[in-house]
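Structure first, then comments.
The values are calculated or read from the model by the stated rules, or taken from the named source; none is laboratory data. Source: prediction; values computed, not measured. So basically every Cβ, Gly included, is an ideal-geometry build from the backbone, and we count neighbours across all protein chains shown. Surface accessibility is based on the protein's heavy atoms, side chains included, excluding ligands, DNA and RNA. Shrake-Rupley method; radii C 1.70, N 1.55, O 1.52, S 1.80 Å.
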Amino acid sequence: MKFTKVFEEKGLKYGSVKTREAVRAVILGETGILLVRSNRGDYKFPGGGVKGNEDWHDALVREVAEETGYIHAAVKNKLGTVVERKIDEFDDTVLFHMNSHYYLCELIDHQQLDQQLEGYEITQEFSPQWVTIEEAIARNEAAAKLDGANGWIRRENFVLNALLEQ
């Protein structure tokens, strides 16, 4: 499976562009898929931004450990990319362009340490959970209807639906 999807707001007017490269882990297990649940009731793939000259695989292993506590993840093949373009939430003169690269990953073992959350991850009480893909989609659809819904729901549900179709 290889996918590419672009989500772009229409009629964007901006002066400059801020680009972010992110990596996200698709970890399948016997009881479903490992996702991160927020206190808003939605689910996202573990992952996040690549720092500086960090290798993408190293960034993904780091992000999985930080968000889920699982410290022994192996990065396998790339599944696809989702591109998001929208006005930056902190500066309405800047276009925020994020490339999210999704990789199939495997847990080598189930050894866990405490999560290493920061900022909004703490505020939203991120917690790792094994759920079925169908349950994650349904919870995300419900959470998307709430005020203050997380902006990642559309992106994550696109990928979850792509996984169902494979």
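Projecting label points 7 angstrom from Cα along Cα→Cβ for Glu135 and Glu54 puts them 2.9 nm apart. Once you treat every alpha carbon in the stretch 41-81 as an equal point and sum by Debye, what is log10 I(q)/I(0) at q = 0.18, 0.27, 0.35 Å⁻¹? Ignoring solvent entirely, the Cα scatterers give -0.53, -1.05, -1.26. Ranked by the mean number of other Cβ atoms within 10 Å per residue, highest first, peptides 75-82, 153-160, 128-135, 10-17 order as 153-160, 75-82, 128-135, 10-17. Spin-label pair Asn39-Arg85: with each label point 7 Å from Cα along the Cα-Cβ axis, the two points sit 3.6 nm from one another. Over all distinct Cα-Cα pairs of the chain, the Kirkwood formula returns a hydrodynamic radius of 16.4 Å.
Could you compute the net charge surrounding Asn77? Neighbours are other residues with a C-beta less than 14 Å from the C-beta of Asn77; K and R count +1, D and E count -1. Spelling it out: positives minus negatives among the neighbours equals +3. Label-to-label distance, Lys145 versus Ser127, with points set 7 angstrom from Cα along the beta-carbon direction: 2.4 nm. Listed by chain and number, the aspartates and glutamates whose alpha-carbon sits under 19 Å from that of Lys10, ignoring those within fewer than 8 places in the same chain, are Glu84, Asp88, Glu89, Asp91, Asp92. Placing a label point 7 Å from the Cα of Lys18 along the Cα-to-Cβ direction, the residues of the stretch 45-62 whose backbone N falls under 19 Å from that point are 48-53. Check cross-link reach from Lys2 to the lysines: straight Cα distance under 16 Å, and skip same-chain residues fewer than eight apart. Cα-Cα hits under 16 Å: Lys76, Lys78.
Cross-link partners for Lys86 among the aspartates and glutamates, with Cα-Cα distance under 17 Å and sequence neighbours closer than 8 places in the same chain left out: Glu8, Glu9, Glu21, Glu156.
With semi-axes defined as the square roots of five times the eigenvalues of the C-alpha gyration tensor, the equivalent ellipsoid of the stretch 22-92 measures 22, 17, 12 Å, largest first.
Using only the heavy atoms of the protein chains and a 1.4 Å probe, how would Arg62, Arg20 rank by accessible area, largest first? Walk me through the numbers before you get to the answer.
Working: Arg62 45, Arg20 95 Å².
Largest accessible area first, the residues go Arg20, Arg62.
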